[in-house]
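The values are calculated or read from the model by the stated rules, or taken from the named source; none is laboratory data. What you see is a predicted model; the values in this text were computed from it and never measured. Ideal geometry is used to build each Cβ from the backbone, glycine not excepted, and the neighbour counts take in all protein chains shown. These accessible areas exclude ligands, DNA and RNA; they are computed on the full protein's heavy atoms, side chains included. Shrake-Rupley method; radii C 1.70, N 1.55, O 1.52, S 1.80 Å.
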Amino acid sequence: MANKNGSEKVRGLEGVIALSSELSSIDGEEGKLVYRGYDIYDLAENASFEEVVYLLWNGDLPNQGELDALKRDLRAARELPEPVIDILRKVPDTAHPMAVLRTAVSALGLYDDEADADTPEANRRKATRLLARTPAIIAAYARLRDGKEPIAPLSEASMAFNFLYMLNGEEPGTAAEDTFDTCLVLHADHGLNASTFTSRVIGSTLSDMYSAVSGAIGALKGPLHGGANREVMRMLLDIDEKGADPVDYVNEKLENKERVMGFGHRVYRTMDPRAAILRDRVKALSEERGATKWYDYSMAILNTVKSEKGLDPNVDFFSASTYYMMGLDPDLFTPIFALSRSAGWTAHLLEQWEDNRLIRPRAAYVGKTGRTVTPISERA
Ligand code: SDX
C-alpha cells in the first residue's frame, strides 16, 4: 500500500532512514559499531564509560581536565531526592524491575526544578542528573527489595565501581570494575534502536527529557529489545536446573517455532561486535575461575542456532553470562542496560533538539469506509 507521497508502507520501519545522526553508526553487513567515529573495539579497550559519555554528549573524547569536570558534575548530581527513595521503599516486591526504574526516573522529574526548562544548558544539566542518579536508583531498589538500606557512593570512584559498591556494600576488585565499565561502554548507544527512537519521538514534541527517558525505559523493557538479556539468563539457568543438553534444549525451542532470546537483530547480518567482545570476556572470566559452565552452554547454543537458523548472537546473549558471573541478579540486567543507554538516549535528545522537527509518520488506512450512524435504539 503506497502512501500519498508514493512511499511504500514498511513493516516495523525496517531499513527506513528516519533522520540523520552524528552519534553512532552500525554496519550490519560488516558487524561494525562506531560511536562518533571511534570503533567499539577501540573504545571498549581504551576508554572508560565516563569518557564515552563525554564523547556522546560533546562529539570528542575529553582531555584530562574535561574528564575530571564531567566526573565532578556527575558526583555533584547523584544524590537521590528523598521522596524518590520513599517510592522505592513502597513499590511491591512483585513489581517488574524495569517498571520500577521507569517509575523512579519519571518521579525524578517531579523533584527537578528544571524539568520543563528547554534551554540547551538546562537539558545538559538534566542529562547529567539523570545519568548520575540512575545507578543509585537501581542499587537502592535492589537493596531495599532485599530488606537492606541503600548505600551512598564512595566519592572519587568511577560509575562502574560505585554501582557495584552501592549494590553489594563492598568495594569491587579491579577486574570486576573493568569488566562492568566495558559493559557500560558497549551498551551506551546503538543508532535508532526502538528505545532511542521512542525517546526522540517524545523529544520531538518538545516534551521534557524525563518524559522521553521514561518512555525509552518502557521500550527497552520489552523482551524483543533490552529485556532479552534477562530471558537469556533464565534460559541458561533452566538448562542447568534441568540438567538438559543445551543443544537438545534449543533445538526443541526452534522446533516449537519459539524465539531463542539473545539471537537475531534488525540490523546485524553477522555477529554483533558487542557480542564478540563479551564472548571473549566470558571465556576469559570462565578460564580464570576454572568454571566454564555458562560459557560452554552459551557456545553450544550459539553453534546450534547458527547452524539451524543462520542467526548470530546479539549483545544480550553474552551480557547475560557476563553479569551473572559478576554475581549480578538477572532482574537487574535490563535496568543495567538502561543505566548505560541513558547516555545514548540523552545524547540523542540533545541532538534532536539542536534541529528539531516533529516525528510524525503516516498510517495506510485499511479500515471500513462509507458507513453512517444508526440510532442506538435501532442497533442490534
Ligand atoms: C537489542 O535495535 C537495536 O539496535 C537493539 C539493540 C540495542 O543495542 O539497542 O541491539 C539491543 O534489543 C538486541 C536484540 C535483543 N532481542 C532478542 O534477542 C530477542 C530475540 N530476537 C528477535 O526477536 C529478533 O531477532 C529481533 C526482534 C531482534 C529482530 O527481529 P526482526 O528484525 O523483526 O526479524 P524477524 O522477527 O522478522 O525475524 C526474521 C526471521 C523470522 O523467521 P521466519 O518467521 O521468517 O521464518 O528470523 C527468525 C524469525 O522467526 N528469528 C528468530 C529469532 N530472531 C529472528 N528465530 C528464532 N530465534 C530468534 N531469536
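For the range 55-100: of the residues being β-branched (Val, Ile, Thr) and part of a loop (DSSP other than H, G, I, E, B), which is most open to solvent (accessible area, probe 1.4 Å)? Don't jump to the end; show me each part of the working.
Of the residues in the range 55-100, the ones β-branched (Val, Ile, Thr) are 84-85, 87, 91, 94, 100.
Subset that is part of a loop (DSSP other than H, G, I, E, B): 91, 94.
Values: 91: 29, 94: 128 Å².
Within the range 55-100, the match that is most open to solvent (accessible area, probe 1.4 Å) is 94.
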Helices (runs of 4 or more DSSP H) wholly inside the range 104-187 that include at least 3 residues being closer than 20 Å to residue 213 by Cα, in the same structural domain as residue 41 (by TED's automatic domain parsing) and of a type in the set (A, V, I, L, M): 120-145, 174-187
The one condition in (1) surrounded by 13 or more Cβ atoms within 10 Å (Cβ to Cβ); (2) modelled with pLDDT under 95; (3) not basic (Lys, Arg) that residue 134 fails to fulfil: (2)
Index of the failed condition, residue 156 passing every other in (1) farther than 30 Å from residue 116 by Cβ; (2) at pLDDT 95 or above; (3) not aliphatic (A, V, I, L, M): (2)
Of residues in the range 326-350 being more than 14 Å from the ligand (Cβ to nearest atom) and open to solvent by less than 10 Å² (accessible area, probe 1.4 Å), the one nearest to residue 225 (Cα to Cα): 335
Residue match in the range 136-155 (condition: touching a Lys or Arg at 6+ places or on another chain (Cβ under 8 Å) and among the hydroxyl-bearing types (Ser, Thr, Tyr)): yes
Where residue 311 falls short, out of the listed (1) within 16 Å of the chain's Cα centre (by Cα); (2) more than 21 Å from residue 240 (Cβ to Cβ): (1)
The range 337-380, subset hydroxyl-bearing (Ser, Thr, Tyr) and in contact (Cβ under 8 Å) with a residue 40 or more places away in the chain, residue farthest from residue 160 (Cα to Cα): 346
Residues satisfying the stated conditions in the range 186-199, i.e. more than 10 Å from the ligand (Cβ to nearest atom) and either over 21 Å from residue 112 (Cβ atoms) or open to solvent by 10 Å² or more (accessible area, probe 1.4 Å) (or both): 198
Selected residue [in contact with a helix residue (DSSP H, G or I) (Cβ under 6 Å, 6 or more places away or on another chain) and among the acidic types (Asp, Glu)] from 308, 378, 351, 288: 308
Pairs, first touching a residue at least 12 places away in the same chain (Cβ under 8 Å) and surrounded by 22 or more Cβ atoms within 10 Å (Cβ to Cβ) in the range 296-311, second part of a helix (DSSP H, G or I) and of a type in the set (Asp, Glu), C-beta under 8 Å, six or more apart: 297/240
Pairs, first of a type outside the set (A, V, I, L, M, F, W, C) in the range 145-158, second open to solvent by less than 70 Å² (accessible area, probe 1.4 Å), C-beta under 6 Å, six or more apart: 150/140; 150/143; 153/162; 153/166
Residue in the range 208-224 that is nearest to residue 130 (Cα to Cα), counting only those that are within 14 Å of the ligand (Cβ to nearest atom) and touching a Phe, Trp or Tyr at 6+ places or on another chain (Cβ under 7 Å): 216
Lone unmet requirement of (1) in contact (Cβ under 8 Å) with a residue 12 or more places away in the chain; (2) assigned by TED's automatic domain parsing to the domain that holds residue 105; (3) more than 27 Å from residue 166 (Cβ to Cβ) for residue 14: (2)
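Looking only at the range 351-371, count how many residues are loosely packed, with under 12 Cβ neighbours inside 10 Å and of a type in the set (Asp, Glu). Write out each step before concluding.
Just the residues of the range 351-371 that are loosely packed, with under 12 Cβ neighbours inside 10 Å, to begin with: 354-355, 357-358, 360, 362-371.
If we keep only those that are of a type in the set (Asp, Glu) as well, we get 354-355.
Looking only at that region, the number is 2.
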The range 225-258, residues that are in contact (Cβ under 8 Å) with a residue 12 or more places away in the chain, near the ligand (Cβ under 8 Å from one of its atoms) and open to solvent by 40 Å² or more (accessible area, probe 1.4 Å): 231
Tally of residues being in a loop (DSSP other than H, G, I, E, B) and either aliphatic (A, V, I, L, M) or under 18 Å from residue 324 (Cα atoms) (or both) across the range 242-258: 1
Positions within the range 259-286 being more than 7 Å from the ligand (Cβ to nearest atom) and not in a helix (DSSP H, G or I), in sequence order: 268, 269, 270, 271
